[in-house]
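Have a look at the structure below, then the notes.
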Amino acid sequence: MSPAARKTELRREALARRRAAHEAAGPGSAGVLSSVLAGYRGVPLAGYMPLRNEIDPLPAMAEAAAHGPVGVPVIRAPHQPLVFSRWQPDSDMVEGAFRARVPRREFLMQPEILIVPLVAFSREGGRLGYGGGFYDRTLEMLRKACPVLAIGFAYGAQEMDDLPLEPTDQPLDMIVTERETIDTGARLR
């Protein structure tokens, strides 16, 4: 099976797992993420506006916004890195590319911490996304400019072994689930 076909098969399986985990989740899924981010108060960070059944980082992002700048991704064009616009819990939001909500008024910022959505993850910091490469390009660009902490945020049910990774895939430094924090050791590689 080709790597692309394998990724497609794994995405289908991981999305089913995520959907079931989301349906079973109660309130408080971002509690562990809030605890992690409390150790980085004031450091510029970017999260994401959850789509479909992605685990919701908004409570943790709102808490972090009380202490420092928080942004959300904006897609400018296919095959390009993301940019980040400043976000507050009361920001006026509109629909952007891929139906992701973005602030109506854009104020660009550069995060030092990036909360990354995903379809599946491995404990070693591998990430399977939707296939557009936006976060890989963005992390590569940001990491060339300064150290960036990439935190994958997912339900524990999204963990998978043996993800097919490519040289362009950027590793996650940490993964946070609704129950635990996993230090992948990626910063040490």
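Every number in this text was worked out from the coordinates using simple rules, so none of it is lab data. All values reported here derive from a predicted model rather than from experimental measurement. Counting neighbours? That spans all protein chains shown, and the Cβs are built from the backbone with ideal geometry, glycine included.
Excluding Tyr135 itself, what net charge comes from residues whose Cβ is under 11 Å from its Cβ, given Lys and Arg +1 and Asp and Glu -1?
Numbers: positive: Arg127, Arg137; negative: Asp136, Glu140, Asp169.
Result for the local shell: -1.
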Tilt relative to the chain, helix 134-145 - C-alpha long axis, 0 to 90 degrees, to 10
60 degrees
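Do me a favour and compute the ellipsoid semi-axes for the chain from its Cα gyration tensor, root of five times each eigenvalue, largest one first, whole Å. Walk me through the intermediate numbers first.
On the way: eigenvalues 111, 70, 60 Å².
Square roots of five times the eigenvalues give 24, 19, 17 Å.
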Please work out the Cα center distance from region 12-51 to region 97-129, rounded to the nearest Å.
11 Å
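Pro117: net charge of surrounding residues, Cβ under 12 Å, Lys/Arg +1, Asp/Glu -1, itself excluded?
Details: positive: Arg18, Arg52, Arg127; negative: Glu54, Asp56.
Local net charge: +1.
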Percent breakdown of C-alpha pair distances by 5 Å bin, ordered from the shortest bin, for region 67-139:
3, 15, 25, 24, 18, 11, 4, 1
Lys and Arg at +1, Asp and Glu at -1: neighbours of Val32 with Cβ under 11 Å from its Cβ sum to -1
For region 123-189, what percent of Cα pairs sit more than 14 Å apart?
58 percent
